[in-house]
Amino acid sequence: MSTFYTLVYSVFIFSVVFCESNISAVNLLDYCSHPDCSLKNQHTLCAAANKQSSRLYASGMTTWMRYQILLLHNRHRDNIAMGLEAGQPPASNMRKMYWDYELEESAELWARQCQKRHDECRNTIRFNVLQNMDVRPIVTRMTEAQLLADAVGAWFSGARVLPAEHIWSFQLSNCSAPGGCNAHWYSAAAWSSTWRLGCSQALCTARKPSCVHYRKRRRTAQNTTTVANKNVSQTTKENVLRRTRYMTTATSPRFEDFATTVMRRSKESPLHRGILENEGKEKQRQEPQMIAFTICNYGPAGNIDGFPIYEAGETCSNCPLGTRCGDQTHRALCAVIGDPDLRE
């Protein structure tokens, strides 16, 4: 009996030491010397650490946002697997996606930079990583659910420009061509063997406010009167008469005085001031005040030239080893065996 307890205790000690060594190995991972990056300090988790754009207003993901964007991806992949995507065959090996916090952290750091371009190196030690980005202005009455749905929908809309033969053999296309990058965004999100997802979102101001305060030059009363008279005479002779609706060649001093008086009074009238104020407010309303940067990282990465995006065939007929279909929410996706979402 004592031998049994000794064996159990030894296994317990080994397990603790093994787990602690794994945790320390993860903590000691130096992203600044990542082997997949061509340059030192190039990895996003190193280059963007403790940095953010001056335009950044807010960033990060809530539990609901994680659930929502993951649900949207799996819903689109479920439709592809069932053959509901127009012009695309059904998939026999489409995997269900799961959230990955390392990918989320990388996406979060890059989103905080408020840059409309992809980062340079984002791979993990476990697998290569692809990235999708959506940049759109936030309009009035736009909800967070609509913002996420529009971003994910834009990526999966690339199926409309993807040639059907690329399903069996993916081909890298020129992004400068019409819809070129849209097809890449779709294939990155729809790649059947990709099953890890991590996203983040940042809200950035549309324009960076200037930090320079300009000081107007003061003028004496005499200089102001001289300049005003000079400008009035030039404007009257050169601009005022030419820009009125009723063109005339009259050059008499009386006509010029009358035109100057009319223009001056119209600019001073409350009606004219009200029109100018409304035009300014309308222009201000039309200009986007905030821009949303939604970034998603996918792993293991797809978009491999010559490889199929997914295997066309009967739904769930060729699930990878260790997966099976059975999720009541996403019936056509190959979920990991032991998935808590599975219902027997």
| task | Provide the per-residue ³J(HN,Hα) series for region 36-46, in order, calculated from phi with Karplus coefficients 6.51, -1.76, 1.60 and θ = phi - 60°, each as a whole number of Hz, with x at glycine and proline positions. | result | 7, 8, 6, 10, 6, 6, 8, 5, 4, 5, 10
| query | How many percent of the alpha carbon pairs in region 80-152 exceed a separation of 19 Å? | reply | 56 percent
| note | Length gained, residue 126-residue 154, 0.36 nm per residue minus C-alpha separation, equals 7.3 nm
| Out of every Cα pair in region 52-112, what percent are spaced more than 19 Å from each other? | 48 percent
| query | Roughly speaking, what is the stretch gain from residue 305 to residue 63, that is 0.36 nm per residue apart minus the C-alpha to C-alpha distance, in nm to one decimal? | reply | 83.6 nm
| request: Return the long-range amide H neighbours of residue 335 (sequence gap of 5 or more, or a different chain), with a cut-off of under 5 Å between placed amide H atoms. | output: 96, 324, 325, 326, 327
| task | Subtracting the Cα-Cα distance from 0.36 nm times the residue separation, let me have the gained length for residue 36 to residue 169 in nm, one decimal. | result | 45.3 nm
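Here, each number is a calculation from the coordinates, and none is a lab measurement. The model shown is predicted, which means the values in this text are computed figures rather than measured ones.
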